[in-house]
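Working notes, structure below.
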Amino acid sequence: MWSSELSRRGILAGLTGLAACGFTPVYAPGGAAAGLIGAVEIDAADNGNEFDLETRLLERLGPADAPRWKLGYSLTLDRDAFSASGATRSQISGRAAYRLTPLDGGGTAISGEVRAFTARTEMLTSPTDTAAQLSNDAARSDASRRLMFLLADRMVEAITAQLAGVGR
């Protein structure tokens, strides 16, 4: 109990120090991300990967009720496979280049690129092994979805950091 009390005091002291130096949470009222929630119109998805990316972006930013920004992006995916012991291990790397532009024509556009990767394992199958093929299809789909979610999360983080002026 004594240890947890010291930990709690240490955390509170650290947060007090951050507040004293001008730290403002990005999702707090008036924070950098506050102006993005419900205000970003996202490019329409053309395929399954883009649909997963858009789904996650909407979860993070909300639907554009009163759009003030337009978010465009382009995806690049690379796959590497390694086989051993009757299984294939695949790594999927992704890059998402993004550009956030104000819809009113004023202001400065924000752009950048984020990267992420994920992996999956597939069993080597024969054409008649339906269960293994279905399992492999599910593994491929899950890995692609995880990658799109990672890229979307990193896009939101990067845009928020740029709006807050972090790293400039």
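Nothing in this text is a laboratory measurement; each read-out follows from the coordinates by a stated rule. Computed from a predicted model, the values in this text were never measured in an experiment. Every residue, glycine among them, receives a Cβ derived from its backbone with ideal geometry; neighbour counts consider all protein chains shown.
Overview of values
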{"read-out": "Which of Leu134, Leu36 has the fewest Cβ neighbours within 10 Å, and the rest in rising order", "value": "Leu134, Leu36"}
{"read-out": "Mean Cβ neighbour count within 10 Å, used as a protection proxy, ranking 104-114, 143-153 highest first", "value": "143-153, 104-114"}
{"read-out": "Cβ-placed point charges (K, R +1; D, E -1), dipole of the stretch 32-164 about Cα centre in debye, nearest 20", "value": "320 debye"}
{"read-out": "The stretch 32-164: radius of gyration over Cα atoms, expressed as a fraction of 2.2 N^0.38 Å", "value": "1.26"}
{"read-out": "Hydrodynamic radius of the stretch 59-119 per Kirkwood, over alpha carbon pairs, in Å", "value": "14.4 Å"}
{"read-out": "Under-5 Å amide H pairs with Ser111, H placed in peptide plane, nonlocal only", "value": "Leu100"}
{"read-out": "FRET efficiency, Ala44 to Asp104 (Cβ-Cβ, R0 25 Å, nearest 0.05)", "value": "0.75"}
{"read-out": "Net charge of neighbours whose Cβ lies under 15 Å from the Cβ of Leu134, counting Lys and Arg as +1 and Asp and Glu as -1", "value": "-2"}
{"read-out": "Amide H contacts of Ala34 (H built 1.01 Å from N, under 5 Å, at least 5 apart or other chain)", "value": "none"}
{"read-out": "Calculated from backbone phi, Karplus (6.51, -1.76, 1.60) coupling profile of the stretch 133-145 in Hz, x at Gly/Pro", "value": "5, 5, 4, 5, 4, 5, 5, 4, 5, 5, 5, 5, 5"}
{"read-out": "Estimated vicinal HN-Hα couplings, Hz - the stretch 48-57 in sequence order (Karplus 6.51, -1.76, 1.60; Gly, Pro = x)", "value": "x, 5, 5, 4, 5, 4, 4, 4, 5, 4"}
{"read-out": "Built amide H within the under 5 Å cut-off of Ala45, gap 5+", "value": "none"}
{"read-out": "Cβ-based net charge around Ala116, under 10 Å, with every Lys or Arg adding one and every Asp or Glu removing one", "value": "+3"}
{"read-out": "Dipole of the stretch 37-168 [Lys/Arg +1, Asp/Glu -1 at C-beta], most positive-end residue of Ser85, Gln162, Thr128", "value": "Gln162"}
